[in-house]
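Chemist: Here it is: the structure, laid out below.
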Amino acid sequence: MATPPLAARRAEIFDQLELQHPDAWTELHFKSPFELLAATILSAQCTDARVNQVTPLLFAAYPTPAALAGAHTEALEALIQPTGFFRMKARNLVGMANALVDLHGGKVPSDMDALVALPGVGRKTANVVRGHAFGLPGFPVDRHVLRVASRIGLIPASASEDAVKAEKKLIALLPPARWTRASDTLILHGRRICKPKPLCERCAIRTNCAYYRR
Ligand code: SF4
């Protein structure tokens, strides 16, 4: 039987991965766009599980952008210290909260340009918030996505260290309605199976994976 065209194989790869990880969704806990934005800022260089231990206390102390904008630095740093890089993260949280109050009426904008203009917010964080808090198309690209997509052959090696380039390549493979789920799936696959030392024998897509077939 002839090998299906590359585009069909890529769609099949995402189908198979979604079957292997039916629970794919952000592991950060949140109840509002503001909480998800703050949690995602805290998740840099930190596990989602650790962030989830910190955010209930954080949002009890600072439940709104206005409250966080007025936070005392030392008290805020002490609260978020377990997530690492806490001085920079405290600056970013307060800066982000002030920008929400000053420029957006205390609400998180859903527009990509407005999101990435907030302190501490890059495309990955903006896409996390757009996809999970607003239900808008967004394909967050983190180190797991870069590693897994490059190994499988979904993106060329030349894009494997450039998140913006990789995002452009990946969103071209799927309709917008599938982007967020696809990103969550690649992230979970990278955490559970396609780790830095991959567990290929447990992988649902190994016959379609360039790394496995080489
Ligand atoms: S076959 Fe191995 S390298 Fe390829 S995606 Fe699966 S775990 Fe990763």
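Readers should treat all values here as calculations from the given coordinates under stated rules, not as data from a laboratory. Since we're looking at a predicted model, the values are computed, not measured. Note: ideal-geometry Cβ built from the backbone for every residue, glycine included; neighbour counts use all protein chains shown.
Chemist: What shape does segment 33-107 take by its C-alpha gyration tensor, where a ≥ b ≥ c are the square roots of the eigenvalues and a/c under 1.5 counts as rounded, a/b above b/c as prolate, and the rest as oblate?
Modeler: Numbers: a/c = 1.70, a/b = 1.50, b/c = 1.13.
The shape class here is prolate.
Chemist: Relative to the longest principal axis of the chain, what angle (0 to 90°, nearest 10) does the C-alpha long axis of helix 123-133 take?
Modeler: Taking the Cα atoms of the chain, the angle to 123-133 is about 90 degrees.
Chemist: Here is a follow-up. What Kirkwood hydrodynamic radius do you get for segment 152-214 when you take the inverse of the mean 1/r over all pairs of distinct Cα atoms, in Å? Provide the component values of the computation, followed by the final result.
Modeler: Working: mean 1/r = 0.0792 Å⁻¹.
Computed over segment 152-214, the radius equals 12.6 Å.
Chemist: Among all the lysines, which ones have a C-alpha under 24 Å from Lys107's C-alpha, if same-chain residues fewer than 8 places away are not counted?
Modeler: Leaving aside lysines fewer than 8 places away in the same chain, those within reach of Lys107 are Lys31, Lys89, Lys124.
Chemist: Please work out whether the chain counts as rounded, prolate or oblate from its C-alpha gyration tensor, where a ≥ b ≥ c are the square roots of the eigenvalues and a/c under 1.5 means rounded, while otherwise a/b larger than b/c means prolate and anything else oblate?
Modeler: Working: a/c = 2.56, a/b = 2.00, b/c = 1.28.
Cα axes put the chain in the prolate bin.
Chemist: Calculate the length of the line joining the C-alpha centroid of segment 132-193 to that of segment 61-124, in whole Å.
Modeler: Segment 132-193 and segment 61-124 have Cα centres spaced 26 Å from each other.
Chemist: Still on this structure: Based on the Cβ-Cβ distance of Arg191 and Met88, what FRET efficiency does E = 1/(1 + (r/R0)^6) give at R0 = 30 Å, to the nearest 0.05? Mind dumping the intermediate values first?
Modeler: On the way: r = 24 Å, r/R0 = 0.81.
E between Arg191 and Met88, to the nearest 0.05, is 0.80.
Chemist: Still on this structure: Helix 33-42 versus the longest principal axis of the chain: what angle, 0 to 90°, nearest 10, using Cα atoms?
Modeler: 80
Chemist: Within 10 Å of each candidate Cβ there may be at most 13 other Cβ atoms; applying that plus a DSSP loop requirement, which trypsin sites (Lys or Arg not before Pro) in segment 1-94 survive?
Modeler: Those that pass, being in a loop and sparsely packed, are Lys31.
Chemist: Between Asp113 and Glu12, 0.36 nm times their residue separation minus their Cα-Cα distance comes to what? Don't skip to the answer; put the middle values down first.
Modeler: Details: separation 101, 0.36 × 101 = 36.36 nm, distance 3.23 nm.
Going from the current span to full extension adds 33.1 nm.
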